[in-house]
């Protein structure tokens with residue numbers, strides 16, 4: 001096993017990998033890179049422009065980055081774009097995904113990048129003879145969005161799939177859910193046909209500190225809520241929440257555990273928007289948390305998540321208090337909200 005000296009700690013670190021992380025500068029991917037580096041992995045991160053200092057500078061500040069991080073240019077919509085980054089890796093973590101939100105061209109800007117981008121990454125994986133496992137970041141949105149009623153006595157689990165279609169998405173603007181559902185289904189079909197060892201992680205709404213300077217849409221929505229805006233979370237309705245570090249750790253767990261297989265829901269707590277607002281208002285009374293939300297009928301379905309599959313691997317989730325404490329502390333430090 002190879003050992004290198006960490007420039008920051010002076011300690012020897014056993015090097016693992018190499019592994020590839022797609023979309024490495026993103027909100028979740030940055031935390032995954034951080035966790036992988038701290039665990040001793042050599043990480044090859046793909047980004048659209050490695051020379052864009054503003055977009056990648058936070059990655060180079062991570063402990064171990066100078067010794068064990070390499071950034072490579074790749075584009076989701078270019079077939080073969082990931083060949084160089086993936087070749088020789090023992091593992092691939094595909095986290096890259098199109099930006100969420102309302103789009104005037106959902107097929108071109110949301111669906112195609114998600115589905116074809118995932119397949120492009122897997123095509124590069126197929127060419128790599130040293131590959132051991134691929135972990136893809138899906139979403140609880142591929143489980144919980146339903147046109148029909150959900151039995152409140154049966155918790156949603158890894159056997160559940162969102163049954164969305166284009167008409168439903170057009171009505172409720174849930175293109176992200178459709179993109180994640182179709183992309184994950186396409187990934188499973190490709191992996192089966194090409195004998196790729198695939199595991200997917202399905203996180204709920206991710207909460208936590210943002211390493212990138214520019215806030216992601218997810219982090220921006222949380223900031224807006226803490227500043228008193230209610231529009232986004234009115235649309236969200238009932239939602240699962242999970243700590244960003246938990247999501248990163250769960251990816252590494254299912255990659256390293258040889259018994260891991262299939263899909264893994266990753267969520268700590270499920271709350272209605274009213275419950276979330278009440279919790280936040282009591283814990284952070286100095287913030288102008290909204291007191292009321294107008295929830296669309298289609299977003300008010302009751303559900304719970306069964307995350308026992310991940311917990312059976314020995315995983316433990318952080319609670320709402322810790323995840324929001326860390327998130328708010330980070331937003332204060334970055335000057336987004338007052339102390």
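The values are calculated or read from the model by the stated rules, or taken from the named source; none is laboratory data. Because the structure is a prediction, the values reported are computed rather than measured. Neighbour counts are summed over all protein chains in view; Cβ atoms, including those assigned to glycine, are modelled from backbone coordinates with ideal geometry.
Quick rundown of the values:
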{"read-out": "So residue 150, is it within 15 Å of residue 302 (Cα to Cα), surrounded by 23 or more Cβ atoms within 10 Å (Cβ to Cβ), in contact (Cβ under 8 Å) with a residue 12 or more places away in the chain and out of contact with any strand residue (DSSP E or B) (no Cβ under 6 Å at 6 or more places or on another chain)", "value": "no"}
{"read-out": "All positions within region 185-210 that are closer than 17 Å to residue 113 by Cα and in contact (Cβ under 8 Å) with a residue 60 or more places away in the chain", "value": "186, 187, 190"}
{"read-out": "Residue that is assigned to a helix (DSSP H, G or I), buried (at least 19 other Cβ atoms within 10 Å of the Cβ) and modelled with pLDDT of 90 or more, where the choices are 191, 186", "value": "191"}
{"read-out": "Residue satisfying condition, being surrounded by 15 or more Cβ atoms within 10 Å (Cβ to Cβ) and farther than 30 Å from residue 195 by Cβ, within set 303, 286, 264", "value": "303"}
{"read-out": "Residues (touching a residue at least 12 places away in the same chain (Cβ under 8 Å) and out of contact with any strand residue (DSSP E or B) (no Cβ under 8 Å at 6 or more places or on another chain)) located in region 315-324", "value": "315, 321"}
{"read-out": "Residue count, region 227-251 (criterion: touching a helix residue (DSSP H, G or I) at 6+ places or on another chain (Cβ under 7 Å), over 25 Å from residue 93 (Cα atoms) and either in contact (Cβ under 8 Å) with a residue 60 or more places away in the chain or buried (at least 23 other Cβ atoms within 10 Å of the Cβ) (or both))", "value": "5"}
{"read-out": "Output for region 158-171, where each listed residue is surrounded by fewer than 17 Cβ atoms within 10 Å (Cβ to Cβ) and either in contact with a helix residue (DSSP H, G or I) (Cβ under 9 Å, 6 or more places away or on another chain) or assigned to a loop (DSSP other than H, G, I, E, B) (or both)", "value": "159, 161, 163, 165, 166, 170, 171"}
